[in-house]
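Trainee: Sharing a structure here in structure tokens format.
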Amino acid sequence: MAEQGWGSVPYVAEQFRRFYASRAERVKAPPEIKQREFGFLSFGGRSMFRHIAFDDVNQLRSHLAENTPAHAYYSAAYYSAPEAEMEYKGWLGADLVFDIDADHIDTPCKADHDRWRCRACGEEGTGRAPERCPSCGKAAFEEETWLCDRCLEAAKYEAQKLLDILIQDFGFSPGELEVNFSGNRGYHVHVRSPHVRGLGQLARREIVDYIMGIGIKPEYQGLSSRMRGGPPSLLEDGWRGRSVKALYDYINDATPDAIKALKLGRATTANLLEHRDKILRLLMERHPSSIVRYVDPKALERLMEAAVKEQASAIDTVVTTDVHRLIRLPNTLHGKTGWLAQTVAIDDLEDYDPLASAIAFTDGTERVYVRRAPRFRIGDETYGPFEEERVELPLAAALFLLCKKAARVER
Amino acid sequence: MISEREAAKYPFLKGAVSLVETLSLKVDDLADPSYSRVLDRGEQRVSEAILEGIVSASLGDALTEMLSFPVAVMFVTVVGDRFLDRRYALAEAVRVYELLKGESETRIARMAREEFGWNLRLIRRELDGQIYRFELHFTDYLRNAASFHEDKWKLVNRVMRDGYVLLTRVEAARLIQVEVEDLIRKRVSKHGRIALPDAVQERVDRVAKLFEEHRARIGGEELPSEVVSDAFPPCIRHAFEGLMSGRRASHMERFALTSFLVNAGMDLDRIVQLFVSVTDFDEQLTRYQIEHIAGLRGSRTRYTPPTCATMRTHGVCYNPDRLCKRIKHPLTYYRIKIRDFKKKGEGRPAE
């Protein structure tokens, strides 16, 4: 075989083809498949093949086996004519979907495994790309993102918080929820309930704000000088309890420097530092309004905003509010990792390990030349870090590096 | 069967509509002098909407009050202006809100369930000095409250449990107002010309004239053809200056900026140039996307910028100022600023 480019696309495509030839049968139809739009990205292709519809799961499976896409998606929306152009599709409603992506979570490990390179001047750095290149000031970058246990655990933790809110506050039953590992850096949560189908963008935006705690105001959580008396609210349902718990945890855990950094004003800062135990006790034992005399209203708003971040779930705001969104089809391969997107039972999420469960290629090895890769784990084995070296790896590890464009096949 | 008085109070109710239908009134009948009071009151309903923003409740003569509603709806329909549609629907809905505030919980609940299909439970719970009388399923809640501006209506600031949101009696009435507004707006927006008897057409013309006189105040006026960048809201200014300085912007921020500029009337070629000159975007692709937003391609709908609340959700609301507190939409900010500039300009002594 001739020298191939980074990523050895034809080789990866061939592996994907073999996979779908035998395992396309395991792909399940999303509910009401006839009303869904499907979209596929092919290997090497830059544009999405979309506006595709299937009558049943067998058509979908044959399509996967015959076309071997690098990525497979379907619509959260239901349409009367899913194959038509956008304006003639006839939108009937959409599942409520949430996307949690480690990209949006500030995990400290990003500095270890992510890199960027300025397209204009070639300047390089680690971690997330800056707003502007420090060297030339342009804002176009090539980004290299990797993932590790810490990123995946962080994403899972956000998914668990999201599920708690959906079940406890919104009253969805676990049977109405589907959780999928995305096959890369995160999780997708689908809510399928006749109640949510018809929700418009405005309503979905309010749901996003609720889940992220955006726009939360202390006075509507019981923290106002106008209210007095009543029991403590720490253990109450919804944000009323959650926000006070958030305040409690935040005040309890924050270092004096973190408190000062919030710039809450001299009096409030002093109170928080000197009367911390008293304030915590009041939150625990009394109606939350009893702390208002230690924290002025403006400061309280800012303090709560900072505190609720830990209790809120870091979902992608755009995905949930877009009622025409295409989302990855479970049990298909993710072209950027070679792993499976897969459905995880809610009860199993706690112990779910994508780096063991979502591995699609389990047999054989391959020799690759790696230009650079951080240390990574698959199953019980860890590999790398690699730099400019030839290695023979189990197929799953080799494909992972190839899909990340960090290696090429050596023959 | 619904009582005449009930139908007079709430003439949009299914029962009231069928009560009117049993009278099988024809347009030509309205020219008969015996209907002049109905026509008067119908005209008054629309002029109250234009002038006051609220229709009064004149329940002394129940039959006239009931019959004047479909007449007023017909007037608005024939005038055929979507700003008047909105103005009128809102004014009738505010009238209903005022009446509902005096009704019992059971009456409110009955209307909510029977007319608007709400999933609503009667309860009684006291919390922080408020008495909550209803639990409403969050989907019904959001359908009506999601467009509200005040913090207290945000779902995150409500008490919600198992999918149900607590509501006071007055809050429930306020949400029904939104349902009524939607219902009436849908009815009046079916514009169409009807041949009317002269006596009736005269009144339509009067209403149309009154509306034209007050159009500017109500907010149906056009924006100036020149783009006034001094009148940009802080979020758009931030996006605009960011673009000029080559800062990376999110998709949402770029969309907000582009759709704002399109709606503010900036020439598409200028917008394309703006993007191409300061970024390394491909000109053809940029033009395609901007033309899409401007409604020249694809679905042919011109996109309006996101609302303030949407900007906040996506983290692109920056440095809100005092005017921002009063408005819900970046274009409204722009409109008000421009109006202020004009006023100040007019106040200047002539040279």
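The values are calculated or read from the model by the stated rules, or taken from the named source; none is laboratory data. This structure is a prediction, so every number in the text was calculated from the model and none was measured. For neighbour counting, all protein chains shown are included, and Cβ atoms are generated from backbone atoms with ideal geometry for every residue, glycine included. All accessible areas refer to the heavy atoms of the entire protein, side chains included, with ligands and DNA or RNA removed. Shrake-Rupley method; radii C 1.70, N 1.55, O 1.52, S 1.80 Å.
Trainee: Using the crude model of +1 on Lys and Arg Cβ and -1 on Asp and Glu Cβ, and no other charge, please compute the dipole size for the protein assembly as shown relative to its Cα centre, in debye to 20.
Mentor: Roughly 1340 debye for the protein assembly as shown.
Trainee: Please say if segment B:102-177 is rounded, prolate or oblate, where rounded means a/c under 1.5 for a ≥ b ≥ c the square roots of the C-alpha gyration tensor eigenvalues, and otherwise the choice is prolate for a/b larger than b/c and oblate otherwise?
Mentor: In terms of gyration-tensor shape, rounded.
Trainee: Could you order A:D112, A:D348 so the one with the most accessible surface comes first? Probe is 1.4 Å.
Mentor: Ranking A:D112, A:D348 by accessible area, largest first, yields A:D112, A:D348.
Trainee: So for chain A, averaging the separation of alpha carbon pairs under 8 Å that are six or more residues apart and normalising by length, what relative contact order in percent results?
Mentor: Computed over chain A, the figure is 19 percent.
Trainee: Using a Cα-Cα cut-off of under 25 Å, which lysines could be cross-linked to A:K156, ignoring same-chain neighbours fewer than 8 residues away?
Mentor: List returned: A:K28, A:K110, A:K245, A:K309, A:K336, A:K404.
Trainee: In nm, what is the difference between 0.36 nm times the number of residues separating A:E389 and A:D55 and their Cα-Cα distance?
Mentor: Contour length minus Cα-Cα distance gives 115.4 nm.
Trainee: From the residues B:A91, A:F40, A:C121, which one has its Cα farthest along the dipole of the protein assembly as shown in the positive direction, the dipole being from +1 and -1 charges on Cβ of Lys/Arg and Asp/Glu about the Cα centre?
Mentor: Comparing the listed Cα positions along the dipole, B:A91 ranks first.
Trainee: Next up: Magnitude of the Cβ-charge dipole of segment B:270-330, K/R +1 and D/E -1, about the Cα centre, nearest 20 debye?
Mentor: In debye, rounded to 20, segment B:270-330 gives about 520.
Trainee: Treating only the Cβ atoms of Lys and Arg (+1) and Asp and Glu (-1) as charged, compute the dipole magnitude of segment A:144-243 about its Cα centre; round to the nearest 20 debye.
Mentor: Roughly 300 debye for segment A:144-243.
Trainee: Count, for each residue of B:309-315, the Cβ atoms from other chains sitting within 10 Å of its Cβ, then give me the mean as a whole number.
Mentor: What the average comes to for B:309-315 is 6.
Trainee: Could you give the length gained by full extension between B:D40 and B:K209, i.e. 0.36 nm per residue of separation minus their alpha carbon distance, to one decimal place?
Mentor: Fully extending the segment from B:D40 to B:K209 adds 59.2 nm.
Trainee: Inside 10 Å of the C-beta atoms of A:215-227, what's the mean count of C-beta atoms belonging to other chains?
Mentor: 4
Trainee: Using all Cα-Cα distances in the protein assembly as shown, what percent lands in each 10 angstrom bin from 0 up to the longest?
Mentor: For the protein assembly as shown, the pair-distance distribution reads 2, 11, 18, 23, 21, 14, 7, 3, 1, 0.
Trainee: Let me ask you something else. Accessible area lost on pairing A with B, both sides, 1.4 Å probe, Å² to nearest 100?
Mentor: Approximately 3300 Å², summed over both chains.
Trainee: Mind checking which of B:Q201, A:F54, A:A154 is farthest towards the positive end of the protein assembly as shown's charge dipole, using Cβ charges of +1 (Lys, Arg) and -1 (Asp, Glu) about the Cα centre?
Mentor: The Cα lying farthest towards the positive end belongs to B:Q201.
Trainee: Here's another thing I want to ask about it. How much accessible surface does B:S250 have with a 1.4 Å probe, in Å² rounded to 10?
Mentor: So the heavy atoms of B:S250 present about 50 Å² to solvent.
Trainee: May I ask for the net charge around A:N331, where only other residues with Cβ less than 14 Å from the Cβ of A:N331 are counted and Lys, Arg are +1 while Asp, Glu are -1?
Mentor: Residues near A:N331 contribute +3 overall.
Trainee: Still on this structure: Using a probe radius of 1.4 Å on heavy atoms only, what accessible surface per residue do you get for the protein assembly as shown? Whole Å² is fine.
Mentor: 47
Trainee: Follow-up. Evaluate the distance, in nm, between pseudo-label points positioned 7 Å from the Cα of B:R124 and of A:R302 along their respective Cα→Cβ axes.
Mentor: Label at B:R124, label at A:R302, 4.4 nm between them.
Trainee: If you don't mind, another one. Of A:A159, A:A13, A:A267, which is the most mobile in a GNM of chain A whose springs link Cα atoms less than 10 angstrom apart?
Mentor: Of A:A159, A:A13, A:A267, the most mobile in the Gaussian network model is A:A267.
Trainee: Between A:D253 and A:D106, take the C-beta separation as r, use R0 = 22 Å, and let me know the FRET efficiency to the nearest 0.05.
Mentor: 0.85
Trainee: Put +1 on the Cβ of every Lys and Arg and -1 on every Asp and Glu Cβ in segment A:218-311; which of A:A246, A:L273, A:A307 then has its Cα farthest towards the positive end of the dipole?
Mentor: A:L273
Trainee: Given the Cα-Cα distance of A:A81 and A:N67 and 0.36 nm per residue of separation, how much length would full extension add, in nm?
Mentor: 2.8 nm
Trainee: Further, regarding this structure: Give the ranking of A:H188, B:H238 by solvent-accessible surface, highest area first, calculated with a 1.4 Å probe.
Mentor: I get B:H238, A:H188, largest accessible area first.
Trainee: A further question on this structure: What does the accessible area of B:R185 come to, in Å² to the nearest 10, when a probe of 1.4 Å is used?
Mentor: Ignoring ligands and nucleic acids, B:R185 comes out at about 80 Å².
Trainee: While we're here: State whether segment B:1-98 is rounded, prolate or oblate according to the following rule on the C-alpha gyration tensor (a ≥ b ≥ c being the square roots of its eigenvalues): a/c under 1.5 gives rounded; otherwise a/b larger than b/c gives prolate, and the remaining case gives oblate.
Mentor: Verdict is oblate for segment B:1-98.
Trainee: Keeping every protein chain in place, order B:R247, A:R226 by accessible area at 1.4 Å, biggest value first, i.e. largest first.
Mentor: The ordering from most to least exposed comes out as A:R226, B:R247.
Trainee: Could you state the number of Å between the C-alpha centres of segment B:4-25 and segment B:91-154?
Mentor: Here the two parts' Cα centres lie 23 Å apart.
Trainee: Now for a different question. Do any cysteines in chain A lack another Cys Cβ under 4.7 Å, and if so which?
Mentor: A:C109, A:C148, A:C151, A:C403, each lacking another Cys Cβ under 4.7 Å.
Trainee: A follow-up question, please. Only Cα pairs under 8 Å and at least 6 apart count here; give the relative contact order of segment A:218-311 as a rounded whole percent.
Mentor: 43
Trainee: For segment A:83-110 and segment A:165-200, what is the separation of their C-alpha centers, rounded to whole Å?
Mentor: Cα centroid to Cα centroid, the span is 12 Å.
Trainee: Related question: Need one value: the accessible area of B:M74 in square angstrom, 1.4 angstrom probe, rounded to the nearest 10.
Mentor: Surface open to solvent at B:M74 totals about 30 Å².
Trainee: Something else: Within 10 Å of each Cβ in peptide B:138-146, how many partner chain Cβ atoms are there on average? Round it to a whole number, please.
Mentor: Partner-chain Cβ atoms within 10 Å, mean over residues of B:138-146: 6.
Trainee: Taking the Cβ-Cβ separation of A:H275 and B:R217 as r and a Förster radius of 41 Å, what is the calculated FRET efficiency to the nearest 0.05?
Mentor: 0.15
Trainee: Give the calculated FRET efficiency between B:V170 and A:Y157 to the nearest 0.05, with a Förster radius of 41 Å applied to their Cβ-Cβ distance.
Mentor: So, using R0 = 41 Å, E works out to roughly 0.50.
Trainee: Assuming a ≥ b ≥ c are the square roots of the Cα gyration tensor eigenvalues, decide whether chain B counts as rounded (a/c under 1.5), prolate (otherwise, with a/b larger than b/c) or oblate.
Mentor: The shape class here is oblate.
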